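Heads up: the structure comes next, in structure tokens.
Every number here is computed from the coordinates shown, using simple stated rules; none is lab data. In this text, all values refer to a predicted model and were calculated from it rather than measured experimentally. We place every Cβ from the backbone using ideal geometry, glycine too, and count neighbours over all the protein chains shown.
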Amino acid sequence: MNPTPKPETILGKPGPTLRSRSVFLFSVCLLLAAVLVGRLVFLQIIMYNEYRTKVVEQMVYEKTLAASRGAITDRNGVVLATNYTTERIFIDPSSMKDEDGNFDDELRKLVAQGLSEILGVEYDFVYEEALKIKYKDRTIKKNVDKDTADRVREFMLENEIECIHFAETATRVYPFSTLASHVVGFCGTDGGLYGLEYQYDSILKGVSGKIVHAENGVGGEMPYDYETYIDAENGANLVTTLDYKVQAILEKYLEQAAVDSLCASRACGIIMNPKTGEIYAMATYPSFDLNNPHTLPAYYDSVVEEYKKEFGEGTVECNEKISALLLSTWNNKCVTDTYEPGSTAKILTTAIAIEEGLSSTTEMFSCTGSYRVSGWTIKCHKTSGHGNVSFAEALQQSCNPVMMKLSERIGISKFSNYFNSFGLSAKTGLDLPGEASPIFKQESDLSMLDLAVYSFGQRFNVTAMELATAVASVANGGTLVTPHLIKAVLDDDGNTLASFGTTEVRQVVSKETSETISAILADGVANNGGAKNAYVAGYSVAAKTGTSEKGVGSDRICSTIAYAPSYDPEVLCLLIVDEPTKGNIYGSTIAAPYVSKILSEVLPYMGLEPQYTEKELAKMNITVGNYRGLSLDAAKSMIAEKGLTCEIIGNGTSVVNQVPAADSKMSKDGGRIILYTEDTGENAMAVVPDVIGLTAEQANKKLTDAGLNVRITGANVGPDTVVYAQSLKKGEIAEKGTVVEIEMRYMQMG
């Protein structure tokens, strides 16, 4: 018989099996609690910052408020660079849902269709962007003008669309397009890339602001308390020392000089105030369009075609060549390229000699056409020799042997010290990027042969800016000043944040030396110097031309530097033409005539009135009066008072027409006014003769004999100046009395 089973409990107490199970369950619960607590500690304490950041990132959204980039103006407030407000149009794919909260494909298609038609973008592009539901901002098009953006707004209203958004953006605009392109520079996505835009980027760009706001779990905005607004700080405005009218004059004649000489390696020019260092104009030809800087100017069309023929259009090699050419186009030749200044540096050599008392303006020298130094025979540009010349004549006629003789007196140490003082051993400190350092041997490395060629501007290299600054120190009374392009920094209210004046570096030569050299140079321009083509009637112009070798080949660099008035200069102009290939390849014929044209417009514009000599007054062109509507007798009387003659065509008693027209300029010598009366038939005509190469007297006679009038421009008229160009070509038919403008040039080397 089986025993009766023992009960699990006695008097309500748990048995051994139940107790074990309870302990096990409690341990499991305790372990789970410990794990949960540990996990909570890990998440809430150890990983607090990381997860807090993630939550904030999901809740908080930022909108950037772009700062307005500061404007760049010329010295008179004319805007050279500013901003044009456009809009960026973007969509919010995450919000493109229907009323039930499902993503709405029909809405995507409607948005894609509308934006593609209005903005001119691809339908598929917009639709693909709309499918990116994780994003709240997908850009469809940037730089949209206001009219187009308003059409998008109308589309939204008509179709009750809320997922399209707008953000104002500022597009950099250059109102004058190519003017001062190498100085002003341009911007990229992240700020200034070249020129003043790059140099002063931190001042111009300002500080962007932002709006920070939070959204709740369903995408709605939280109350205003959860929004932070940080205002943008607009960039400051730059007032430059440039004058846009002077800049335009420089660029006009720089282009003429380059085109007329078929310049192969660009040209450049500087106009500055030699007393203050302010740059009125700086240009490189060819310029480029600041609004489309990645488009090569037409100047390089033939070069690009050569690349395409050599490497194949569209090939990697061809594209690399074109890209390199584009980069070089942006370089400001005035500051990035060095060159041998040639005879323009003789201003410095002679100034040293005068300052040190090593010669006088009347000391006589002999030039046989060459000079021997350290076993080397070095020729003068006039290989037959200048003969016996004074110190002053040697500078005016650019005699190399005299410069070499002077350098021997100066010596290596003193010459080197002066060139350092003139600033030719270091950068000028101009506030533009990319300034190249001069290439000049140190005193310990200089030989007597080096000294000889340095004395007339060969075998050392400087930038155009460095040479202009050095010569300015001779022009202004002997003080080296730092050139600069910024006059002031202003805020949006016109308040001055900073201003920049003249920085005097050191006294290089005395005022007396400055006056002596300036007088010699001015006399050379007015009379028998090599820079006669820089002559400007009514002004005392000091000038020196230069023609330097480029490397070991036959290429040349032609230049002229001039300043006026010579006795108290307000304007200094340097013009450089690199590798001219047409005409007489000398600074006196390639550059000097265009310096004359520049100064003839800049000096009056700057408020410097001409002071004509009696000789100049006698040769001056006169202004034709207005005789239309007058009686014939009155017109004849007025014409006679001007010392002119007249020819009457017709049998009437009053003047109905005249040639030349009123306010025309013409030479008084042989001048004739053709008067037409009321019963005039056909106008009388004349055939234009060829006067190129003739003297002014010969050309005037030939033109007046043909029934035409003359206007003389260019170099000071003399027996060694000839007609370089005429405004009407040989064989053209013109009305009798028409004014033919002839340009006189001194065609000898210099």
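Helix 511-526 versus the longest principal axis of the chain: what angle, 0 to 90°, nearest 10, using Cα atoms? Roughly 60 degrees, rounded to the nearest 10. For segment 180-193, backbone phi angles converted through the Karplus equation (6.51, -1.76, 1.60; θ = phi - 60°) give residue-by-residue couplings of 6, 4, 6, 8, 5, x, 8, 10, x, 4, 9, x, x, 10 Hz, Gly and Pro being listed as x.
Amide H contacts of residue 86 (H built 1.01 Å from N, in plane; Pro and chain starts excluded): 169, 170, 171 sit under 5 Å, all sequence-distant by 5 or more or on other chains. Judged by the mean number of other Cβ atoms found within 10 Å, the most tightly packed of the peptides 371-379, 388-396, 646-654, 187-195 leads the ranking 388-396, 187-195, 646-654, 371-379.
For residue 373, the residues 5 or more places off, or on other chains, whose built amide H falls under 5 Å of its own are 378. Put simply, the amide H of residue 485, placed in the peptide plane, has neighbours under 5 Å in 431, leaving out anything fewer than 5 places away on its chain.
From Cα pairs below 8 angstrom and at least 6 apart in sequence, can you work out the relative contact order of segment 615-746, rounded to a whole percent?
Values: 296 pairs, mean separation 31.6, N = 132.
Dividing the mean separation by the residue count of segment 615-746 yields 24 percent.
In order along segment 642-652, phi translates into HN-Hα couplings of 7, x, 9, 10, 9, 10, 9, 10, x, 10, x Hz, rounded to whole numbers, per the Karplus curve 6.51 cos²θ - 1.76 cosθ + 1.60 with θ = phi - 60° and x for Gly and Pro. Electrostatic tally near residue 657: other residues with Cβ closer than 11 Å to its Cβ, Lys and Arg +1, Asp and Glu -1, net -1.
Can you pull out the chymotrypsin sites (Phe, Trp or Tyr not before Pro) in segment 671-750 whose DSSP state is coil and whose Cβ has at most 10 other Cβ atoms within 10 Å?
Details: sites: 676, 724, 746; in loops: none.
When the chymotrypsin sites (Phe, Trp or Tyr not before Pro) of segment 671-750 are filtered for loop state and at most 10 Cβ neighbours within 10 Å, nothing remains.
Calculated from DSSP H runs of 4 or more alone, at -39500 (n - 2.57) each and per residue, what is the 222 nm mean residue ellipticity of the chain, nearest 500? All intermediate terms of the calculation are to be shown ahead of the outcome.
Values: 24 runs with 252 residues, N = 750.
Mean residue ellipticity at 222 nm (helix-derived): -10000 deg cm²/dmol.
For segment 63-240, averaging the sequence separation of C-alpha pairs within contact (under 8 Å, six or more residues apart) and dividing by the residue count gives a relative contact order of 34 percent. Ranked by the mean number of other Cβ atoms within 10 Å of their residues, highest first, the peptides 544-557, 311-324, 25-38, 455-468 come out as 455-468, 544-557, 311-324, 25-38.
If contacts are Cα pairs under 8 angstrom and at least 6 residues apart, what is the relative contact order of the chain in percent? Please list the in-between numbers first.
Values: 1592 pairs, mean separation 76.4, N = 750.
For the chain, the relative contact order is 10 percent.
For the chain, the longest principal axis of the alpha carbon atoms and the long axis of helix 464-475 meet at an angle near 50°.
Taking the Cβ of residue 27 as the center, what net charge do the other residues with Cβ under 15 Å away carry, scoring Lys and Arg +1 and Asp and Glu -1? Taking every other residue near residue 27 into account, the sum is +2. Listed by chain and number, the lysines whose alpha-carbon sits under 27 Å from that of residue 142, ignoring those within fewer than 8 places in the same chain, are 63, 97, 109, 132, 134, 205, 210.
Can you tell me the orientation of helix 244-260 relative to the chain, as the angle in degrees between its alpha-carbon axis and the longest Cα principal axis, to the nearest 10? With both axes taken from Cα atoms, the answer is about 70 degrees.
Between residue 319 and residue 143, what FRET efficiency follows from the Cβ-Cβ distance if R0 is 22 Å, with the result rounded to 0.05? With R0 = 22 Å, the Cβ-Cβ based efficiency is 0.30.
DSSP beta bridges fully contained in segment 615-746 are about 60 percent antiparallel. Extending 7 Å from the Cα toward the beta-carbon at both residue 117 and residue 150 defines two label points whose distance is 2.0 nm.
Within the chain, antiparallel bridges make up roughly 85 percent of the DSSP beta bridges whose residues both belong there. For segment 116-215, trypsin sites (Lys or Arg not before Pro) are listed when DSSP marks them as loop and at most 10 other Cβ atoms sit within 10 Å of their Cβ; the list is 134.
Pairs exceeding 22 Å between alpha-carbon atoms, taken from 668/702; 532/642; 333/405; 346/379: 532/642; 333/405. Taking Cα Rg over 2.2 N^0.38 Å as calculated from this structure, the corresponding entry among (i) 1.45; (ii) 1.11; (iii) 0.95 is (i). Dipole size of segment 676-740 about its Cα centre, with +1 on Lys/Arg Cβ and -1 on Asp/Glu Cβ: approximately 280 debye, rounded to the nearest 20.
List the chymotrypsin sites (Phe, Trp or Tyr not before Pro) within segment 512-607 that fall in a DSSP loop (any state other than H, G, I, E or B) and whose Cβ has at most 15 other Cβ atoms within 10 Å. It would help to have the intermediate numbers written out before the result.
Numbers: sites: 535, 539, 563, 567, 586, 594, 605; in loops: 535, 539, 567, 586.
In loop regions of segment 512-607 (DSSP not H, G, I, E or B), the sparsely surrounded chymotrypsin sites (Phe, Trp or Tyr not before Pro) are 567.
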